[in-house]
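Asker: Let me give you the structure first, and then I'll get to my questions.
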Amino acid sequence: MTANKPFDADAGDEGQYRRLVNAITDYGIYMLDPDGVITSWNRGAERFKGYRAAEIIGQSYACFFTEEDRAGGKPQSALALATATGRSEVEGWRVRKDGTRFWAHAVVDRILDDDGAVIGFAKITRDITEKREAALALEQANEKLLQSQKMEAVGQLTGGIAHDFNNMLTGITGSLELMQKRVEQGRIQDLDRYIVAAQGAARRAAALTHRLLAFSRQQTLAPRPTDVSRLVTGMEELIRRTMGPAIMVESVGAGGLWTTNIDPNQLENALLNLCLNARDAMPRGGRLTIETANKWLDERGAAERDLTPGQYVSLCVSDAGSGMAPDVVKRAFDPFFTTKPLGSGTGLGLSMIYGFVRQSNGQARIYSEVGQGTMVCLYLPRHYGEADEADAPAQSDAPRAEAGETVLIVDDEATIRMLVADILEECGYASIEAETGAEGLKLLQSDARIDLLVTDIGLPGGMNGRQMAEAARVTRPDLKVLFITGYAENAVIAGGIVLPGTHVLTKPFTVDDLVHRVRAIITG
């Protein structure tokens, strides 16, 4: 038989061919007329499907399909596809004579006469139930392994958080208890050391939460067009002092470096973290190189870095240190994973960098060989425009409010409302407090003077901070809003970036940060 033509041989050869096909038992081979009626049947088909040739020839091949497939027209679709294209190839459940099912791989080829008209079909079926079950078992095993790895990562994450926070909370609660005892005893001259200890532990806890948010890509970013070369130049002196005399710091900047839209403060933190890691990898000294470049990634280059093709700015930090083995490189961005001795690092530095860069639509990659050193590269999307040269103004003494300026504070945490109100009242502001979005909106819809709304993002009662602010702007279109939040909720923040007309201050914040931000928003 030639492709798309009936078998054309003398009767003796045709009989030999038929006997050969009939003897095959590993494949079900049979013929159909143009309407799908069975015209021949071999032993393999009998073995798979349970029908003898005498009882199945003359029947429609649709009887092998499940009721669901017949209702969906699959028998007709297979023949229509074979008619149109010459072949249809499918997998699916098929039904034996006794009603049991098996998973089949089926091929249908059309047969043409000399004039090109369809005069029937040749069909070959294989029972691949065992193969499919083996594939499903492998898939389930892989899923279980992946779930086990996820749970291991979650356990490592929660264990690391609990360990670090317990240390910090001990510093805070212990200092507060000793302060209370000293006050009761009248020994107030010793309070400063405990205040400093509590504040230090609180700052470390704040830094840890910020790193966790960066890892989970949920931190609030303040991106602006940034010249990365200028940023690196501005940090060179700090990096050189931090590295020490045994490490030579070299900066290689590309001419005409493109601009990137990034949070410069977060990028500075990322660069400093990479340099500190490089320093730790060279305990006997060495060379640290900071390099910037323009990168135009084509389809292949972008796919290798899990990015979309386009133009990027790269910032790479390389060292001549001990390097990392491939299995260490694979885990380097995992939270709390560290190769440093116990107590020498949290293991959140690289995970924080990775989360920040991914949240900024970029990518981080590690290239390392044991004994040859390590290079970590950050790929940041190009921004078409000039870099923002504006620097944040230096903070001075706490600014005072003008007469009558009033701030509405909405937060479901009574302690936070009290603290914010006390801080602002010390600076001369009048304050109004509300616990829920509905209560805050009622005040905003009144005639009360409100120069600024300071509100949490997540509020109880069915109305979050954004919804309250938007509803209030119907009657107060020029309302100034400062969101104070410990988590950048998607209901208020789009992609981790502050929406127009609002400002965000991340919890925990310092007194100075709050009063200067409030003053800047009101006067702005």
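The values are calculated or read from the model by the stated rules, or taken from the named source; none is laboratory data. Everything quoted here is computed from the prediction, not taken from an experiment. Reconstructed Cβ throughout: ideal geometry from the backbone, glycine too, with neighbour counts over all protein chains shown. Note: accessible area is taken over every heavy atom of the protein model, side chains too, but ligands, DNA and RNA are not part of it. Shrake-Rupley method; radii C 1.70, N 1.55, O 1.52, S 1.80 Å.
Asker: Answer yes or no as to whether Leu267 is closer than 15 Å to Arg230 by Cβ, at pLDDT below 90 and of a type outside the set (Ser, Thr, Tyr).
Answerer: Yes, satisfied.
Asker: Please name all residue pairs, on different chains or six or more residues apart, with Cβ atoms under 9 Å, provided the first residue is in segment 169-191 and is more than 23 Å from Ala206 (Cα to Cα) and the second residue is of a type in the set (Phe, Trp, Tyr) and surrounded by 11 or more Cβ atoms within 10 Å (Cβ to Cβ).
Answerer: Between residues of segment 169-191 that are more than 23 Å from Ala206 (Cα to Cα) and residues that are of a type in the set (Phe, Trp, Tyr) and surrounded by 11 or more Cβ atoms within 10 Å (Cβ to Cβ), the close pairs are Arg182/Tyr194.
Asker: Mind checking whether some residue in segment 443-455 is part of a strand (DSSP E or B), more than 26 Å from Ile262 (Cβ to Cβ), of a type outside the set (Ser, Thr, Tyr) and in contact with a Gly (Cβ under 7 Å, 6 or more places away or on another chain)?
Answerer: no
Asker: Looking at segment 48-88, which of its residues are farther than 22 Å from Ala23 by Cβ and outside any helix (DSSP H, G or I)?
Answerer: If the condition is that a residue be farther than 22 Å from Ala23 by Cβ and outside any helix (DSSP H, G or I), then Gly58, Gln59, Ser60, Phe65, Thr66, Gly72, Gly73, Gly86, Arg87, Ser88 are the ones that fit.
Asker: Name the residues in segment 87-114 that are of a type in the set (A, V, I, L, M, F, W, C), open to solvent by 50 Å² or more (accessible area, probe 1.4 Å) and modelled with pLDDT of 90 or more, would you?
Answerer: Correct list: Trp93 only.
Asker: Does segment 388-405 contain at least one residue that is modelled with pLDDT under 90 and within 30 Å of Ser322 (Cβ to Cβ)?
Answerer: No, segment 388-405 contains no residue that is modelled with pLDDT under 90 and within 30 Å of Ser322 (Cβ to Cβ).
Asker: Please go through segment 202-236 and give me each residue that is open to solvent by 40 Å² or more (accessible area, probe 1.4 Å), at pLDDT below 85 and of a type in the set (S, T, N, Q), ordered by number.
Answerer: Thr209, Ser216, Gln218
Asker: From the set of residues in segment 438-480 that are among the basic types (Lys, Arg) and touching a strand residue (DSSP E or B) at 6+ places or on another chain (Cβ under 6 Å), which is most open to solvent (accessible area, probe 1.4 Å)?
Answerer: Looking at the filtered set, the residue picked out is Arg449.
Asker: Additional query: State which residue pairs qualify: first residue in contact (Cβ under 8 Å) with a residue 40 or more places away in the chain and inside segment 122-139, second residue assigned to a helix (DSSP H, G or I) and surrounded by fewer than 14 Cβ atoms within 10 Å (Cβ to Cβ) in any location, beta carbons under 6 Å apart, and separation of 6 or more residues or different chains.
Answerer: Listed by first residue and then by second, the contacts come to nothing, as the list is empty.
Asker: Hey, another quick one. Within segment 315-332, can one find any residue that is open to solvent by less than 10 Å² (accessible area, probe 1.4 Å), farther than 13 Å from Tyr367 by Cα, touching a Ser or Thr at 6+ places or on another chain (Cβ under 9 Å) and not polar (S, T, N, Q)?
Answerer: yes
Asker: Tell me yes or no: at least one residue of segment 281-293 is crowded, with 19+ Cβ neighbours inside 10 Å and modelled with pLDDT under 85.
Answerer: Looking for residues that are crowded, with 19+ Cβ neighbours inside 10 Å and modelled with pLDDT under 85, one finds none in segment 281-293, hence no.
Asker: Mind checking which residues of segment 115-130 are within 14 Å of Tyr61 (Cβ to Cβ) and open to solvent by less than 60 Å² (accessible area, probe 1.4 Å)?
Answerer: Gly120, Phe121, Ala122, Lys123, Thr125
Asker: Show the residue pairs that are 6+ apart or on different chains and have beta-carbon atoms under 7 Å apart, the first residue being within segment 68-87 and over 12 Å from Val107 (Cβ atoms), the second being in a helix (DSSP H, G or I).
Answerer: Correct list of pairs: Arg70/Ala62; Pro75/Tyr61; Pro75/Ala62.
Asker: Something else about it: State all residues of segment 25-43 that are surrounded by 15 or more Cβ atoms within 10 Å (Cβ to Cβ) and in contact with a helix residue (DSSP H, G or I) (Cβ under 9 Å, 6 or more places away or on another chain); if no residue qualifies, say none.
Answerer: Tyr27, Gly28, Ile29, Tyr30, Leu32, Gly36, Val37, Ile38, Ser40, Trp41, Asn42, Arg43
Asker: Please enumerate the residues belonging to segment 48-61 that are within 51 Å of the chain's Cα centre (by Cα) and either modelled with pLDDT of 90 or more or open to solvent by 40 Å² or more (accessible area, probe 1.4 Å) (or both).
Answerer: Within segment 48-61, just Tyr61 meets the criteria.
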